[in-house]
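Trainee: The following block contains the structure, expressed as structure tokens.
What follows draws every value from the coordinates through simple rules; no lab data is involved. From a predicted model like this one, the values you see are computed outputs, not experimental measurements. Please note: Cβ atoms are built from the backbone with ideal geometry, for glycine as well, and neighbour counts cover all protein chains shown.
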Amino acid sequence: MSEIKSKVQSAKSMGAKAVAGAVGLLVLAFIISQSIFYAEPGYIYHVRTVTGNEEVVSEVGYKFYPFGRYNSWKRAMTVQAAAGSVGDNIRAEKDSDNTSASLPPMSIMFLDQVDAHAEATVRFSIPTDEESFLKLAHEYRSPENLLRTALMPAFKETLQANASLMTAEEYYSGGRTQFNSEFENQMSNGIFLVKRHEVSVRASKRAKGSANVALGTDQEQYGEDSKTIFEVKKVLGEDGLPKRKKQRFQNYGITVVSALLTDMRPNSKFVERMQLKQKASADRAIAREQRVQEEEQRLLAIARGEREVAERQAQAKVEQIQKTTEAETEKQLAITEAEKLKAQASISKETAQINLDKAIIEAETKRTQADAEAYQKRVILKADNALAQKLEAEIEIQRLWAEAFAKRQVPTNVFGSGQGGTPVGSDAETKAFMQMLTLDAAKRLNYERDVSGDK
């Protein structure tokens, strides 16, 4: 019986020890769960212990905080206004791959009273040093409060203030880059202090009336020649630099990493107006191109006409030059031929003159010779009464008659009357006939056969 009691007591003591051990394990697990957390990368933690101490944890890994509390802050927080967001959706301590705060597209008003919805993204970097971070944590207590009371209002105010520096037409006429640059500048360095002024600007081209015919082209100017525009000028300080309204979050070491404007959607009326303006601009461009084309066509027609006129002038000039050249050539040929004929005539004249002179000289020579010969003959004749010539003439005459007599045809039988009245060709008749011919020849020669002395 005593053994049984001892066993029961032993079992009870073992059960109590087991319960105590289990309770101790549970207490230890509770203490560990309330005193240890894991520090994620990209976060910074504000740790408060049960003893009232504060600590900043930025290293990755398990950290011990005995029965304390901690808040996780993203090292970089993003505020984004984009389509698809409904209300102010804040996710400061979760969804690390998403933005910290999402807003619907922001409604802004340009300088020319055109409203639009803008989509933008701004990324902030919180300080990591212990002093600045604790100052930030004490002021805003949680990242949600920081986003709601500091970063999001600064985002909205800066975007709206930036829109008041530019008109919608300026933005859509090439000012988009300037708008984005000014937005990032004001987010990083503060909002410009500005003053709005109404300025009256005269039209560069004044309209003229056409009702007064008496004025002709010098018409009076009429209508509105000026318009009122709004100008926003930055307020300058004593140093000449623009004054700024400093961003409140900068006092706590928060800096702007990037500020991007991703989309701008104006109201439908402005879109219609811009479409009409774009259409008008396109029509003007088309009309300008058509005008240029017409001008080019006109210039082309003029050029063609001038080319045709030039071709005709050139052709006429060529023909004129050809005809002139031919006429000049004919003229030169005629002049050359005339000069040739003139030269030939001159040469012929000179030749005739030479021939004449030669003939005169020859005639003179012949006459002189004839005179000499005549004189010589006259002297000779005078000397011997031309005995030699007469003898030669006489001998030649006698020779001719002798030959003629020798060659005469004598008939064999001659019949005659025998009374001397009918010639029968006897030698006596022939001799008589020959003497008659000789006398006739001498008569024709007109010389005397008798030789006489000087008379």
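Trainee: Please list the non-local residues whose amide H lies under 5 Å from the amide H of SER258, H modeled 1.01 Å from N, same-chain partners needing a gap of 5 or more.
Mentor: Correct list: ARG123.
Trainee: Normalise the Debye intensity by I(0) for region 268-384, one equal point scatterer per Cα, no solvent, then take log10 at q = 0.11, 0.14 Å⁻¹ and round to two decimals.
Mentor: For the requested q values the scattering log ratios are -0.79, -0.90.
Trainee: List, in order, the whole-Hz ³J(HN,Hα) value for each residue of region 329-336 obtained from phi through the Karplus relation with A = 6.51, B = -1.76, C = 1.60 and θ = phi - 60°; use x for Gly and Pro.
Mentor: For region 329-336, the Karplus-derived couplings read 5, 4, 4, 5, 5, 5, 4, 5 Hz, x marking Gly and Pro.
Trainee: Spelling out what I want: for every residue of region 134-145, take phi, set θ = phi - 60°, compute 6.51 cos²θ - 1.76 cosθ + 1.60 (Karplus), and round to whole Hz; glycine and proline get x.
Mentor: Per-residue couplings from phi come out as 5, 4, 5, 5, 5, 6, 10, 6, 8, x, 5, 5 Hz.
Trainee: Moving on. Just want the ordering: HIS46, HIS117, from fewest to most Cβ atoms lying within 10 Å of their own Cβ.
Mentor: The order, fewest Cβ neighbours first, is HIS117, HIS46.
Trainee: Hey, with R₀ at 56 Å, roughly what FRET efficiency would ARG75 and ALA303 work out to, going by the Cβ-Cβ distance, to 0.05?
Mentor: With R0 = 56 Å, the Cβ-Cβ based efficiency is 0.15.
Trainee: Now for a different question. Could you list the GluC sites (Glu not before Pro) in region 229-278 that lie in coil according to DSSP, counting only those with at most 15 other Cβ atoms within 10 Å of their Cβ?
Mentor: Answer in residue order: GLU238.
Trainee: What ranking do MET166, MET436 get, fewest neighbouring Cβ atoms within 10 angstrom at the top?
Mentor: Neighbour counts put them in this order, fewest first: MET436, MET166.
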